[in-house]
1. Does segment 109-122 contain any residue that is free of Cβ contacts under 8 Å to residues at least 24 places away in the same chain and out of contact with any Leu (no Cβ under 8 Å at 6 or more places or on another chain)?
2. Only residues that are under 12 Å from Asp35 (Cα atoms) and in a helix (DSSP H, G or I): list them for segment 96-120, please.
3. Inspect all residues belonging to segment 9-16 and state whether any of them is surrounded by fewer than 20 Cβ atoms within 10 Å (Cβ to Cβ) and out of contact with any helix residue (DSSP H, G or I) (no Cβ under 9 Å at 6 or more places or on another chain).
4. Tell me the residue from Ile43, Ile119, Ile66 that is open to solvent by 30 Å² or more (accessible area, probe 1.4 Å) and under 23 Å from Pro4 (Cα atoms), please.
5. Mind listing just one residue for me: the one in segment 102-116 that is more than 18 Å from Arg49 (Cβ to Cβ) and of a type outside the set (Val, Ile, Thr) and, of those, least open to solvent (accessible area, probe 1.4 Å)?
6. Tell me the strands (runs of 3 or more DSSP E) entirely within segment 10-51 that contain at least 2 residues that are touching a residue at least 40 places away in the same chain (Cβ under 8 Å) and not acidic (Asp, Glu).
7. Give the residues of segment 64-83 that are within 16 Å of Val31 (Cβ to Cβ) and in a strand (DSSP E or B), sorted by residue number.
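The values are calculated or read from the model by the stated rules, or taken from the named source; none is laboratory data. Every value quoted in this text rests on a predicted model; they were computed, and no experiment measured them. Cβ coordinates were reconstructed from backbone atoms using ideal geometry, including for glycine residues, and neighbour counts include every protein chain displayed. Each accessible area value is taken on the protein alone, full model and side chains, heavy atoms only, with ligands, DNA and RNA left out. Shrake-Rupley method; radii C 1.70, N 1.55, O 1.52, S 1.80 Å.
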Amino acid sequence: MLDPKVVALAHGPNFAAFTTLLADGRPQTHVMWVDADDEHLLINTELHRQKARNVQRDPRVTVAIIDAANPYDFAEVRGTVVEIVRGPVARAHIDALALKYTGKPYAPTIQSERVVLKIAPDRTVLR
């Protein structure tokens, strides 16, 4: 179960730093749109991207969500990708995220396939 503060941050138009592990163990971090349900953080990406390949090999990740109104207010969630959702659900999710962050439908060309990474929390740090 996610802490309610994490859910609130993820539901707002706040950006997240999403860290995965490369094959050699080095971290890779991207600034991402983020979402949540009651149990998981949700990151939407494309299947061909390095971060998607990273989590298929090693599902351990860290997500730090920064409050846009006060960057000193944030939540860090260390967790595990427990499911990769594909198909129409993932496509609808990126459209919903685009509306949340930009107020417009998702416009970039999809190069491979949209996927939603469902992240179960192992440890949460709130500030």
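1. Within segment 109-122, the subset free of Cβ contacts under 8 Å to residues at least 24 places away in the same chain is 109.
Filter once more, keeping what is out of contact with any Leu (no Cβ under 8 Å at 6 or more places or on another chain): 109.
Yes, because at least one residue in segment 109-122 is free of Cβ contacts under 8 Å to residues at least 24 places away in the same chain and out of contact with any Leu (no Cβ under 8 Å at 6 or more places or on another chain).
2. Within segment 96-120, the subset under 12 Å from Asp35 (Cα atoms) is 96-98, 100-101, 116-119.
Passing the criteria: Ala96, Leu97, Ala98, Lys100, Tyr101.
3. Residues of segment 9-16 surrounded by fewer than 20 Cβ atoms within 10 Å (Cβ to Cβ): 11-13, 15.
Pick out the ones that are also out of contact with any helix residue (DSSP H, G or I) (no Cβ under 9 Å at 6 or more places or on another chain) and you get none.
Checked segment 9-16: no residue is surrounded by fewer than 20 Cβ atoms within 10 Å (Cβ to Cβ) and out of contact with any helix residue (DSSP H, G or I) (no Cβ under 9 Å at 6 or more places or on another chain).
4. On the way: Ile43 fails: open to solvent by 30 Å² or more (accessible area, probe 1.4 Å); Ile119 fails: open to solvent by 30 Å² or more (accessible area, probe 1.4 Å).
Being open to solvent by 30 Å² or more (accessible area, probe 1.4 Å) and under 23 Å from Pro4 (Cα atoms) holds for just one of Ile43, Ile119, Ile66, which is Ile66.
5. Step one: of segment 102-116, the residues more than 18 Å from Arg49 (Cβ to Cβ) are 102-105.
From what is left, the residues that are of a type outside the set (Val, Ile, Thr) are 103-105.
Values: Gly103: 57, Lys104: 132, Pro105: 98 Å².
Looking at the filtered set, the residue picked out is Gly103.
6. Working: elements: 16-21, 27-32, 41-46.
Passing ranges, in order: 16-21, 41-46.
7. Taking segment 64-83 first, the residues within 16 Å of Val31 (Cβ to Cβ) are 64-68, 71, 74-77.
Within segment 64-83, Ala64, Ile65, Ile66, Phe74, Ala75, Glu76, Val77 qualify.
Listed here are the residues, each with its yes/no results for (1) more than 18 Å from Leu126 (Cα to Cα); (2) of a type in the set (Val, Ile, Thr); (3) within 9 Å of the chain's Cα centre (by Cα).
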position	(1), (2), (3)
Met1	no, no, no
Leu22	yes, no, no
Arg26	yes, no, no
Thr29	yes, yes, no
Ala36	no, no, yes
Leu41	no, no, yes
His48	yes, no, no
Arg53	yes, no, no
Gln56	yes, no, no
